[in-house]
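Quick one: the structure is below, questions incoming.
The values are calculated or read from the model by the stated rules, or taken from the named source; none is laboratory data. Note that the structure is a prediction, hence the values are computed from the model and not measured. Ideal geometry is used to build each Cβ from the backbone, glycine not excepted, and the neighbour counts take in all protein chains shown.
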Amino acid sequence: MAAQGATASRSGLRSALPLLLPAYLWLTVAIFLPLSAMVFFSFMTDLPLSGKPWALTLGNYAAFFSQSLYPTLLWASLRLGLEVTLWCIVIGYPAAYVLAKVLKGRSREAIFLLVILPFWSNGLVRIFSWAMVLREGGILDTALNAVLPFKISIDLMYSYPAVIIGLVHSYVPYMVLTCYLTLQAIDDSLIEAGRSLGASRLQMLKRVIIPLSMPGLVAGAALIFVPVVGSFMEPRILGGRTGTFYGTVIEDQFVAVFNWPLGAALSFILLAVVLVILASAAPVLRKAA
Amino acid sequence: MAGVQVSNLSRSFGAHKALDDVSIDFADGGFYALLGPSGSGKTTLLRQIAGFDFPDTGRIAIGGESVERVPVEKRRIGMVFQNYALFPNMSVADNVAFGLSVRGEVKAVIAAEVQRALDLVQLGKLGSRRPHQLSGGQRQRVALARAIVTKPRVLLLDEPLGALDKALRVDMQIELKRIQREIGITTIFVTHDQEEALTMSDRIGILREGRLVQEGPPEEIYDSPKSEFAATFLGDANILRGDTTGTGIRLPDGTAIAAGAGVSLAAGTKASCAVRPERIRIATGDGIADHNTNMLKGQVSKRIFAGNNSTYFVERDSQTIKVIVQNTGIERLAEGQEVVLSWSPESTVLIAVS
């Protein structure tokens, strides 16, 4: 039986090859090759493109450890990633629950569309519209002052909260979508069974619904945490001077300072740290899921 | 343990009346089947008793206490769902323990009670399994153990055997009945399977379009149905329609049919008689002519052989009458044969046509 199964899967693989090849060829060309080039750059003293002489070095990696700025910024970025992920859970999970378990039919479709909508707009446009809302004399400030009887001044622009707001707005749909999928797969009769056994809504949430939707929470968290740790657009535009993070420093190396080797080295350190975090979290998360 | 009283219960969903003035008294410790076609309101009634949905009007009492506005989690009921609804993220033992543990019972007490419940459903050794590692029948037993471990006042079963295959179903019917007797819990059972209702329950309530059509012990409903619907839905019945003669009917062709049981009606109104197929004798020739016997002549149009019995379809006066004859090895009638059907007035139920 086992041998038969192995043969079957081998011949299955052969017939599947034409279907797999395009995707893997594309991934090789589009990701693996440039990434390998970047790995190579990260060990160089200077870019070969500029015509200057270059040599192999570990200096770019050493720079991360010799200057406290980089570890500090990496730590700040990891905290940012954690905070944004937590806010996305706090905001996204209840919305996903309502979408999956409370709303039905047309109203569900309509609300769902509103969740997906940010995906259809350009990221830069989204961030600049936040800038218009958050700055002093902006939409939020004006609107609040029009309604409230006393004068208040809202200027969230160029602050840490502004960065959080912008990032949460960009990434919360991922959490809603992944949680929606796992929540929708939970049979309504499970909830009814729990209630018939005397469980309160909170007990049901804690003991049945959250454990069963854990795969969605984990997937959503991974989808959000990783890009947020490396984000640079939202911190730069909404954070201004306070928005210096690990991602913005990497971006600077590529577009401002033109120190590609250092930028590449910093990127790979980030990649390594993120992989270590995900790997060490995996057993815990697998158990929870 | 407690009885359940449902009084004048009504519930509408939009223009649709799911329950229309239903009153039933479920006696303490009884096994009660709610029987009806889909859309008859039987599941709606069960969900009202459970507390998943509240009635528009009417009263529900469990053990004498009004509960119609009490939410399900406070009603102390046990419920078994058609798809079992076991928590897939928990072991069998944790599933059974759920009801006790959300109440904050002590761990040692929970463990002992869970083991007792699992032993009762004969799954004592499978506590550490996950639901997906069990067969359908085993899951059913876990669902039952989970529902009764909290010592609920009433056990509600929503088509609990619907997802099992026929052989397992018969086993579970016996098993369910045994467990119910052993703990003596008031049990209300929703089914669309008339055989299940007949074999398992002490009393049956037949529902149709949100109304209770008839209610009583299985024998009583089978032997004296009060409506054509009850007669044909619970078991098979031949319905003959005509004008009442007071104690029977006169068919359009003038034949008199005498009825022994059922209502007595003012002569001249429309009425019908119900006769069970197995009560009719079928014979060739002149048959048994007798003052006390109802008799009809007809022609066999079809015969279906089913091993221990045969079903004959006999045509007379543009009506088909079904006759079931035990296979005694004596008589085999051919299709097209002229026959005489006879049956006693005691086997004939007079039914008012509303």
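Quick one: B:G36 ticks every box in (1) at pLDDT below 95; (2) in contact with a helix residue (DSSP H, G or I) (Cβ under 7 Å, 6 or more places away or on another chain); (3) within 14 Å of chain A (Cβ to nearest Cβ) except a single one, so which number is it?
Of everything listed in (1) at pLDDT below 95; (2) in contact with a helix residue (DSSP H, G or I) (Cβ under 7 Å, 6 or more places away or on another chain); (3) within 14 Å of chain A (Cβ to nearest Cβ), B:G36 misses just condition (3).
If you don't mind, another one. May I ask you to say which residue of B:T247, B:T232, B:T284 is β-branched (V, I, T) and more than 26 Å from B:S310 (Cα to Cα)?
Unique residue meeting the criteria: B:T247.
On the given criteria, is B:E215 in contact (Cβ under 8 Å) with a residue 24 or more places away in the chain, within 30 Å of B:K151 (Cβ to Cβ) and within 11 Å of the chain's Cα centre (by Cα)?
Yes: the conditions hold for B:E215.
With respect to A:I186, determine if the residue is out of contact with any strand residue (DSSP E or B) (no Cβ under 9 Å at 6 or more places or on another chain), more than 10 Å from chain B (Cβ to nearest Cβ) and not polar (S, T, N, Q).
No; evaluated as a whole, the condition is false for this residue.
Residue under question is B:S272, and the condition is that it be in the same structural domain as B:P345 (by TED's automatic domain parsing) and polar (S, T, N, Q); does it hold?
In short, yes.
What pairs come out if I take residues in segment B:100-124 that are under 20 Å from A:G198 (Cα atoms) and touching a residue at least 12 places away in the same chain (Cβ under 8 Å) and pair them with residues that are surrounded by 15 or more Cβ atoms within 10 Å (Cβ to Cβ) and of a type in the set (S, T, Y) whose C-beta lies under 9 Å away, six or more apart or interchain?
Correct list of pairs: B:L100/B:T150; B:R103/B:T150; B:I110/B:S101; B:E113/B:T150.
Take A:S231 and decide whether it is touching a residue at least 60 places away in the same chain (Cβ under 8 Å) and not in a helix (DSSP H, G or I).
The answer is yes for A:S231.
Quick check, is B:A230 at pLDDT 90 or above and either among the aliphatic types (A, V, I, L, M) or assigned by TED's automatic domain parsing to the domain that holds B:V275 (or both)?
Here the answer is yes, as B:A230 does meet what is asked.
Can we say B:A274 is among the aliphatic types (A, V, I, L, M), within 16 Å of B:G242 (Cβ to Cβ) and at pLDDT 90 or above?
Yes: the conditions hold for B:A274.
Then there's this: Can you tell me which residue in segment B:138-156 is surrounded by the fewest Cβ atoms within 10 Å (Cβ to Cβ), limited to those that are more than 9 Å from chain A (Cβ to nearest Cβ) and of a type in the set (D, E, K, R)?
In this case the residue turns out to be B:K151.
Another question about this same structure. Would you pick out the residues in segment A:9-49 that are touching a residue at least 24 places away in the same chain (Cβ under 8 Å) and among the polar types (S, T, N, Q)?
A:S42, A:T45
Considering (1) touching a Gly at 6+ places or on another chain (Cβ under 7 Å); (2) at the interface with another protein chain (Cβ under 10 Å from one of its Cβ atoms), say which one A:L181 fails and leave the rest.
The one condition A:L181 does not meet is (2).
Here are the criteria: (1) crowded, with 16+ Cβ neighbours inside 10 Å; (2) among the polar types (S, T, N, Q); (3) under 20 Å from the mean Cα position of the chain (by Cα). Tell me which single one B:N89 does not satisfy.
Of the numbered conditions (1) crowded, with 16+ Cβ neighbours inside 10 Å; (2) among the polar types (S, T, N, Q); (3) under 20 Å from the mean Cα position of the chain (by Cα), the odd one out for B:N89 is (3).
Would you confirm whether any residue within segment A:75-82 is free of Cβ contacts under 8 Å to residues at least 60 places away in the same chain, surrounded by 11 or more Cβ atoms within 10 Å (Cβ to Cβ) and part of a helix (DSSP H, G or I)?
There is at least one residue in segment A:75-82 that is free of Cβ contacts under 8 Å to residues at least 60 places away in the same chain, surrounded by 11 or more Cβ atoms within 10 Å (Cβ to Cβ) and part of a helix (DSSP H, G or I).
If a residue must be within 14 Å of another protein chain (Cβ to nearest Cβ) and either more than 32 Å from the chain's Cα centre (by Cα) or not β-branched (V, I, T) (or both), how many such residues does segment B:96-133 contain?
Count: 15.
I've got another one for you. Can you name every residue in segment B:196-244 that is in contact with a helix residue (DSSP H, G or I) (Cβ under 7 Å, 6 or more places away or on another chain) and more than 19 Å from B:Y32 (Cβ to Cβ)?
Of everything in segment B:196-244, those that are in contact with a helix residue (DSSP H, G or I) (Cβ under 7 Å, 6 or more places away or on another chain) and more than 19 Å from B:Y32 (Cβ to Cβ) turn out to be B:D236, B:A237, B:N238, B:I239.
Being at pLDDT below 90, surrounded by fewer than 19 Cβ atoms within 10 Å (Cβ to Cβ) and basic (K, R) is true for just one of A:K206, A:K151. Which residue is that?
A:K151 is the lone residue from the list that is at pLDDT below 90, surrounded by fewer than 19 Cβ atoms within 10 Å (Cβ to Cβ) and basic (K, R).
Being at the interface with another protein chain (Cβ under 8 Å from one of its Cβ atoms) and in a helix (DSSP H, G or I) is the filter here, so list the residues in segment A:199-214 that pass it.
A:Q203, A:R207, A:V208, A:P211, A:L212
Same structure again: So which residues in segment B:59-74 are part of a loop (DSSP other than H, G, I, E, B) and without any contact (Cβ under 8 Å) to a residue 60 or more places away in the chain?
Scanning segment B:59-74 gives B:V67, B:E68, B:R69, B:V70, B:P71.
Also, quick follow-up: Assess whether A:L217 counts as being within 14 Å of another protein chain (Cβ to nearest Cβ) and in contact (Cβ under 8 Å) with a residue 12 or more places away in the chain.
yes
Follow-up question, since we're still on this one. Within segment B:140-177, can you find the residues that are farther than 23 Å from B:E113 by Cα, charged (D, E, K, R) and not in a loop (DSSP other than H, G, I, E, B)?
Answer for segment B:140-177, where residues must be farther than 23 Å from B:E113 by Cα, charged (D, E, K, R) and not in a loop (DSSP other than H, G, I, E, B): B:D158, B:K166, B:R169, B:D171.
Here is a follow-up. Out of everything in segment B:66-95 that is facing chain A (nearest Cβ under 10 Å) and among the aliphatic types (A, V, I, L, M), what residue ends up being farthest from B:S128 (Cα to Cα)?
This residue is B:V72.
Quick check on my filter: what residues within segment A:41-62 are hydrophobic (A, V, I, L, M, F, W, C) and either at pLDDT 90 or above or in a loop (DSSP other than H, G, I, E, B) (or both)?
A:F43, A:L47, A:W54, A:A55, A:L58, A:A62 - these are the residues of segment A:41-62 that are hydrophobic (A, V, I, L, M, F, W, C) and either at pLDDT 90 or above or in a loop (DSSP other than H, G, I, E, B) (or both).
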